[in-house]
Each structure stands twice: as structure tokens, then as C-alpha cells.
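Peer 1: Please see the structure below; I have some questions.
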Amino acid sequence: MVALVTGWQWHPLLGATLLASGLGHAAVWWRWPERPRPLVPLMAWWGGLLAVAIAACSRLDPLSDARLSAHMVQHEVLTFAAAPLLVVGMRPVTLALLPRLGSPVARWGHALTRPRVTWVLAAVTLWVWHWPAFYDCALAHPVVHDVEHATLLTAYALYWSPFVAFGYAVAALRTDAARTLYLATGGTQSGLLGALLAFKGTAVYPHYVGVIASGELALRDQQLAGLIMLVSGAAVFVAAAPLTLRGK
Amino acid sequence: MDPEAPTLNATNGSVLQAAIVYLVAGLGTVVVMGLLGLLMRLDHAGILVISADWFYRIMTLHGAGMVSGLLFAGFGGLAAVVSVDVRVSSRGLWIGLLVFLTGMMLVVFAIVFGAFAAGWTVLDPLPYQGKTWTVAAGVTVYIGYLFTGLAIVVVCATLLRATTAQGFGRALAWDVLFHPGRSHEAEVRPPVLIATVVAIVGLLLVVAGLAYLVPLLLEAAGAVKHVDTLLAKNTVFLFGHTMANLCIYVAAGLVYGTLPRFARRPWHTTWPVALAWNSIIFVIFFPWSHHLYQDFVQPLGLQILSNLGSFAGAFPSFVVTIVGALALVYGADLDWSPSAILMLLGVWGWVLGGLGAILDAVVPINQVMHNTMWVPAHFHTYNMVGVAAFVWAYLYHLAGELSDAPARRASRWAAWLYGIGAAGTSVVFFLEGAHSIPRRYAVHEADWQGYARVAIPFVVLMVIALAWLGAEILARIGRAYRRTRLAPS
């Protein structure tokens, strides 16, 4: 546990990007028209960046090459912590920038953040990347691995976006019935993938069988990974309910 | 309050939306689980061969799905009924639904993909010692139950907050109870009293659920070395049996709220009604341990308490609700709609299922009958002829009222068919129990198969009746739901 906190490896490009993004967001936030400035978007954005840093720079990253369960935690941090926090933190950026970008961008933004579109994008991204051939490819090629994480983060940022009323461009889920359905089906599709991994009788990712050098231990690791996905996903969707359901 | 006051008013449109989703989702679950029940009976009849592995998976799913489906459909209906009198938070109901669906998802996945087949009662240590399922599947079911318990907490807290907004004592009709001679013009209606009682019971029973689930999850995590199996069996039955028992009390709230409409007479919160429902808060927690009569290490005091408690539990139901319901309709110009027929059939289901339970709670009878089909007989009568009939009746009534579609005369046949099918199915179970045919057997010997063959036409009758009523409900429910959205809020 201590090693997880201490053994960080900073990638210069990612570190610089995160820092620039944080400072840029703070600058935009500083020009927020209302007083007092709301702290939630600022804290959420920095919290989201911290979550990305934990996933990409902490000991979780090298550990994820050796253990599927660690890799699953990494994905959960990106999709269920970083993505929603960044979406909540986006509000000052969308308020400041989107009106200047013109109607075609707004139209695209609106189309891309329709709940049906975001749901399908998140599901397809999640399932495609967990297909054994793609998963092993990502583990074998660092660039593909980075693309995997970036697309998961983006797809799930879009997934959470319909809950946040930006007041511009982003389509919102309007009723509690729709929000409940969206959360329940979103949780079910990711839970299904977790269940298939947790209850599969054989190890499905050759990379981990090779690294762990024991089919049985690799299978146990896979069961743990599936349980992490199934249960932590369920907990996140349940925790999201009181934050997103409004009683209208 | 006028017994014929409309359900939809200026403040409860959003609550009725949530209630409709609860009722449709809960009863949809009941239909699917009922079809799984038909599969098991076909297997018992020797008509269909299901492997033992799949039989026990189906049995586990059938039990868990039926109890939770009926309970949540009932909660939704009760929220709709009390929303006429008090302000219920629709937000709380939606959150509860999402948590409930999450719990059910975990349980279903563990059974379908994880081959979990230890029965819905998940008796320790079976879930962690399966030959066909892994510890991961057992853990997933336990966590699924934990979420279901959390959902009960959310829904019960939502109901309790609404009903006690004007005082705890008022919600429990203590003024009526402790000052019976006074005039009680501002009395709470019985559904509000019932919602308060079931919410308190729901919150308390979840404590028992936590006492069962948390140590076992800690055991799986390696934090606890060994959980006492007898204690675990007591806590799981205290949780599970009370939860199954709670279904009928929740559904009774629908009867108290709706039967006066059909009888065109109010049902008052009289002193016996107040006493009976207040006593249920206590007596519902005694009968669980009649499932442990055959555990010789169980303390004798608990066995005696269970025997007496099971008898005591019958009094509030029999003496007050059932006699009260019959008195309400006696001599009334009753509107014999399908809903009224189903509710009155349900009263008899409650009586007969309850009698079966009381017999099973008598120690010498229990020693002979408890591991036979007598036990499924009593809880099928109780739930199928009782709870399910009440909840179907309420959904049929609500869909008709909100969509302004009058009940069809021909649909009375569907209600009677349901009653005949459900009663026939239960009677065959009782006959099997009386002939000592064991329960929870995947394979029935040739001598036993005749009973299940007799039962199957009755199950098919129920399927036909529910398809008939379900088609009518589905034709109306869209309009009913839209109408709740148009209501001012």
C-alpha cells in the first residue's frame, strides 16, 4: 500500500498536459461571471486530473502489466472516478468557450452527448477493449495501451455528461425515470462484462497467463478482476443515484 | 376521507410515475419467475428433464425473484396509495429502485453466469462450498443481497419520512390506540398507518440482514476466521422469513386503500385496527425460528417463542384485516370488478396460506411436515393466491383509473381463472406435502409425478389469466403514465 503511494513514475508529456490543463481550467474558472465563484467545478476538475495521474503514473500502471485485477482497478479509476469528475469540472470551460465556437460545434456537441449515443459509445468502447485480442494488443504496445485508456476516459466522460446540465450544447436527461433507466442499463452492461470475467472457467487473456506462469493463479486473478468490475461498478452506479436523481 | 377520492392529485404525479414503474417491474419479474416455476413443475412431472445443476439455479432465481419482485411491486403500490394523503419523495423511490435493480442484477448474474444454486435462503456455509459455483459467485450473491437490503432501507426511509411528517405517534394512530373513547376526526387512514408499520419493520429487518451478511463477507475477505453457523442460520431466517412475511403486510395496505372504493364505504382506523397494526411491529419478528425446529442445538426458549410467536402473528391478520375486509364488503353494493374479485380471492389466500404456516409452526407437525412440499404449499398459497393477487388487483385498478378506462366485464373471467389456477396449484402442493413428498428435490420419483401433472393445467390457467389481465394493463399503462406527467406538480 505504501509502495503504491510512493513509487510514482511521472511521464513528462502526461505530467505537463495535466498541469497545463489544471492551470488553464483555473484561469477560465477565475473569470467565472458570478460571485462567489463555485468551488465544486474547480475541485472536481483537479480531482479528475488527480485520478488520471493515479491511474497513469502511480504503481498501479506497472502493476497492471502483471495483474489483470490491477489493470481493472486502473480502468475503474479512469471510467468511474476521473471521467465523472472531469465532466463536473467542465462547466466553466463549456460556459466560457462553447458560445465562441459557433453553431456547428454546438450541433455536434449536442448530437454527441445525446444519452442514446453516449450509452452506446461507452458500451462499445468498454466491450471492444476487453475483447482478448484487443486487450492483449494494448498490453503488447504501449501506444495502443495509451489509446485504450484515452478512449475509455473519453467514452465514459461522454457517458456521464447527460447528467450535468451545462446549459449549452449538452443534451440532458430530463426525467428521473430516464436517469434511472440510463444508470441501471449502464450499470448492467458493464456489470455483465465483469460477471463474464468473474465466472468464466478459464483465463481469457493469454498475456496474464504468460506473466503469472500459472493458469490457475491467472484464473483467480481474473475472478478478482471481474468481481472488482462487477461490484465497484454497481457501487458507483448506486452512489451516482442520489447525486443525479432530482425528484422531478 | 372520501373512499372514492381520485388517486391522482395536484402533488403526487411524480410519485405515481415511480409507483407505476415499481409495479410493472415487480410484476414483470413475478411473471418471468412464474414461468421458471412452470419449468420446475414440468420437471417434477417428468415431462421435461432439467439437470440438477440447472434445477437448483432456477429454484434459487425463482425464490429470490418472487420475494423481491412482490415486495417492491407492493412498496410501489403502497407509495401510490399513501401519496393521496402524505407527500412521498419520488426521488427516494427512484433511488430505491435503482439500488434494488443493482442488487437483483448481481444476484441474477451470479446464478446465470456463476452457476450459483444454493437456494434463495443462502444458508451458511453452502454459498462458499459449492461444487458447481465458485466463492466469487457466493460473494456476489451476498453483495447483491446487501444492495437489496439497502434498497429496502431507502424505500422504507422514504415512506417513513412521508408518513411521520406530522408526528410519529399520529402516523401510528396512537391517539386512537391510547384514547379510544375520544372522537378522532383527523385520524390517519389505515394505509398511512400500514406504511408506517411496514417501513419500521423493513428498517429493523435490514439490521438482521446486516448481522448475517457482514460477518460472512468479512469471512470471505479473510478478516473473520469462522462464522457461527447456527447464529448465521438464525439471522438469515430472521431477515429472509421476515422479508417474505412483510410482503403480505405491504400488500394489505393496497387492500385497505382500494377495497373501500369497491365497497363504497370508508375503512376507518378503529381501535382494533390501530392495535393490530402496532402489534405487527413486534409479532412479525417471532415466527422465523420455526425453520429451526429440527436444529437440535437451537435453544429451547427460541423454539417455544417461535411456536407462540407464530400463533400470535396470526391474530392481527385474521381478527382484524380479514374479518374487517369481509365486514366491509358484507351487505355493500360491491363493484365486482376484476380488481375487487382478485382482492377478495387474495384474502382467502392469506387465510389458507396462513393456516398452513401455523400448522407448520406447531412443533410435532413441523417434525413431520417441514421438509415436505407442505412448506412450498403454504408460501405459494400465501404469496400466489394472496400477495400477488392483491398487487395485480391494484395495478389493474390504477391503470384503469389513471387512463379513464373502465374495467371490462369479461375480464372478471380472467380474475376468476387466476383464482382457480392459483388455488389449484396450491392445493396440489398441499396434497404432496400431506403425502410426505420431499421439497427441494430436483428429480421426483415416478410415484410422485402424478401430482405435478395435475398441477400443470392449473399453472397454465394462471398463465392465461395473467396474459389476459397483463395485456389489458399494458394497453392502458402508457396512457396512465402520460396522465401523471400532465398533472400539475
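Peer 1: Give me Rg over Rh for segment A:93-165, both radii from the alpha carbons and Rh done the Kirkwood way, two decimal places. Don't skip to the answer; put the middle values down first.
Peer 2: Values: Rg = 14.9 Å, Rh = 13.7 Å.
In segment A:93-165, Rg relative to Rh is 1.09.
Peer 1: Hey, how many Å between the Cα centroid of segment A:181-228 and the Cα centroid of segment A:25-91?
Peer 2: Taking the Cα centre of each part, segment A:181-228 and segment A:25-91 sit 25 Å apart.
Peer 1: Follow-up. Go ahead and estimate [θ] at 222 nm for the protein assembly as shown from helices alone: -39,500 (n - 2.57) per DSSP H run with n ≥ 4, summed, over the residue count, rounded to 500.
Peer 2: -23500 deg cm²/dmol
Peer 1: If you look at just the Cα atoms of segment B:106-146, how large are its Rg and its Dmax in Å?
Peer 2: Taking only Cα atoms of segment B:106-146, I get Rg and Dmax of 8.4, 24 Å.
Peer 1: Could you tell me which residue out of A:Leu153, A:His75, B:Ile280 lies farthest along the dipole of the protein assembly as shown toward its positive end? Charges go on the beta carbon: Lys and Arg +1, Asp and Glu -1, centred on the Cα centre.
Peer 2: Of the listed residues, the answer is A:Leu153.
Peer 1: Next question. Just want the answer: with Cβ charges of +1 for Lys and Arg and -1 for Asp and Glu, which residue in B:Ala79, B:Cys247, B:Ser289 is farthest toward the dipole's positive end in chain B?
Peer 2: Farthest towards the positive pole: B:Ala79.
Peer 1: Any idea what the alpha-carbon Rg over 2.2 N^0.38 Å comes to for segment B:13-484?
Peer 2: 0.94
Peer 1: Quick one: plug the Kirkwood hydrodynamic radius of the protein assembly as shown (C-alpha pairs) into Stokes-Einstein at 37 °C, 0.692 mPa s, and report D in µm²/s.
Peer 2: Details: Rh = 27.7 Å.
Taking Rh from Cα pairs, D becomes 118 µm²/s.
Peer 1: What does the charge dipole of the protein assembly as shown about its Cα centre add up to, to the nearest 20 debye, if the Cβ of each Lys and Arg holds +1 and the Cβ of each Asp and Glu holds -1?
Peer 2: Rounded to the nearest 20 debye, it is 1920 debye.
Peer 1: Compute the distance from the alpha-carbon center of segment B:385-407 to that of segment B:63-110, in whole Å.
Peer 2: 17
Peer 1: In degrees from 0 to 90, rounded to the nearest 10, what is the angle of the helix B:388-402 Cα long axis to the longest principal axis of chain B?
Peer 2: The angle comes out at about 30 degrees.
Peer 1: Additional query: In nm, what is the difference between 0.36 nm times the number of residues separating A:His141 and A:Arg37 and their Cα-Cα distance?
Peer 2: Details: separation 104, 0.36 × 104 = 37.44 nm, distance 4.35 nm.
Here the answer is 33.1 nm.
Peer 1: Only four residue types carry charge here, +1 at the Cβ of Lys and Arg and -1 at the Cβ of Asp and Glu. Report the dipole size of segment A:2-244 about the Cα centre in Debye, rounded to the nearest 20.
Peer 2: Details: 14 positive and 10 negative charges, 190 e Å.
In debye, rounded to 20, segment A:2-244 gives about 920.
Peer 1: Continuing with the same structure: Ranked by Cβ crowding within 10 angstrom, fewest neighbours first, how are A:Ser103, A:Ser64 ordered?
Peer 2: Listed from fewest to most nearby Cβ atoms, that is A:Ser103, A:Ser64.
Peer 1: In what sequence do B:Phe285, A:Phe80, B:Phe100 fall when counting other Cβ within 10 Å, fewest first?
Peer 2: The order, fewest Cβ neighbours first, is B:Phe285, A:Phe80, B:Phe100.
Peer 1: What are the semi-axes of the equivalent ellipsoid of segment B:90-215, taken as the square roots of 5 times the eigenvalues of the Cα gyration tensor, listed largest first and rounded to whole Å?
Peer 2: Numbers: eigenvalues 310, 43, 18 Å².
Taking √(5λ) for each eigenvalue gives 39, 15, 9 Å, largest first.
Peer 1: Also: Take every Cα-Cα distance within segment B:247-304, group them into 10 Å bins from 0 onward, and report for each bin the whole-number percent of pairs it holds.
Peer 2: 18, 34, 23, 16, 8, 1
Peer 1: For segment A:2-244, I need the span (max minus min coordinate) of the C-alpha atoms along each principal axis, in Å, sorted largest to smallest.
Peer 2: Sorted from largest, the Cα extents of segment A:2-244 read 59, 42, 32 Å.
Peer 1: By how many degrees, between 0 and 90 and to the nearest 10, does the Cα long axis of helix B:135-163 differ from the longest principal axis of chain B?
Peer 2: 20
Peer 1: Right, something else. Using Cβ counts within 10 Å as a stand-in for footprinting exposure, how do B:Phe390, B:Phe55 rank, fewest first?
Peer 2: Numbers: B:Phe390 32, B:Phe55 20.
Ordered from fewest to most neighbouring Cβ atoms within 10 Å, B:Phe390, B:Phe55 come out as B:Phe55, B:Phe390.
Peer 1: Over segment A:168-207, what number does the Rg to Rh ratio reach, with both radii from the alpha-carbon atoms and Rh per Kirkwood?
Peer 2: Result: Rg/Rh = 1.27.
Peer 1: Give the long-range amide H neighbours of B:Thr372: residues separated by 5 or more places, or on another chain, with amide H under 5 Å away, using H modelled in the peptide plane at 1.01 Å from N.
Peer 2: B:Arg439
Peer 1: How high is the relative contact order of chain B, in percent, with contacts defined as C-alpha pairs under 8 Å that are six or more residues apart?
Peer 2: Details: 788 pairs, mean separation 90.0, N = 489.
Once normalised by length, the contact order is 18 percent.
Peer 1: Give me a single rounded figure for A:188-196: the average over its residues of other chain Cβ atoms within 10 Å of their Cβ. Mind showing how you got there, number by number?
Peer 2: Working: counts 6, 0, 0, 6, 5, 0, 4, 11, 3.
The per-residue average across the peptide is 4.
Peer 1: Would you work out the Kirkwood radius for segment B:326-432? I mean one over the mean of 1/r across all pairs of different Cα atoms, in Å.
Peer 2: Radius from the Kirkwood sum: 14.8 Å.
Peer 1: Send over the semi-axes of segment A:182-248's equivalent ellipsoid, whole angstrom and largest first, taken as the square roots of 5 times the C-alpha gyration tensor eigenvalues.
Peer 2: For segment A:182-248, the ellipsoid semi-axes come out as 32, 10, 7 Å.
Peer 1: Follow-up question, since we're still on this one. Expressed as an acute angle from 0 to 90° and rounded to the nearest 10, what is the orientation of the C-alpha long axis of helix B:449-486 relative to the principal long axis of chain B?
Peer 2: 40
Peer 1: What is the distance in Å between the Cα centres of segment B:444-489 and segment B:245-288?
Peer 2: A separation of 25 Å, based on Cα centres.
Peer 1: Separate question: Just going by the charge dipole of segment B:373-489, with Lys and Arg at +1 and Asp and Glu at -1 on Cβ, which of B:Gly478, B:Val391, B:Tyr441 is farthest out on the positive end?
Peer 2: Of the options given, the answer is B:Gly478.
Peer 1: In 5 Å bins starting at 0, how do the alpha-carbon pair distances of segment A:1-96 split up by percent?
Peer 2: 3, 14, 21, 21, 16, 11, 8, 5, 2, 0
Peer 1: Across segment B:34-79, how large is the tail of the calculated P(r) beyond 13 Å, expressed as a percent of all Cα pairs?
Peer 2: 59
Peer 1: Give me the compactness ratio for segment A:86-131, meaning the Cα radius of gyration over 2.2 N^0.38 Å.
Peer 2: 1.43
Peer 1: Please label the shape of segment B:216-320 as rounded, prolate or oblate, based on the square roots a ≥ b ≥ c of the eigenvalues of the alpha-carbon gyration tensor (a/c under 1.5 means rounded; beyond that, a/b larger than b/c means prolate, else oblate).
Peer 2: Since a/c reaches 1.5 and a/b is larger than b/c, the shape of segment B:216-320 is classed as prolate.
Peer 1: Could you give the dipole magnitude of segment B:1-144 about its Cα centre, charging the beta-carbon of Lys and Arg +1 and that of Asp and Glu -1, in debye to the nearest 20?
Peer 2: 300
Peer 1: Hey, another quick one. Per residue of A:73-82, how many C-beta atoms from partner chains lie within 10 Å of its own C-beta, taken as a mean?
Peer 2: Whole-number average of other-chain Cβ neighbours for A:73-82 is 0.
Peer 1: How large is the convex hull of the Cα atoms of segment A:121-228 per residue, expressed in Å³ as a whole number?
Peer 2: So the per-residue Cα hull volume is 99 Å³.
Each reported figure results from applying straightforward, stated rules to the coordinates on display, with no laboratory input. Just so it is clear, the structure is predicted and the values come from calculations on it, not from any experiment. Cβ coordinates were reconstructed from backbone atoms using ideal geometry, including for glycine residues, and neighbour counts include every protein chain displayed.
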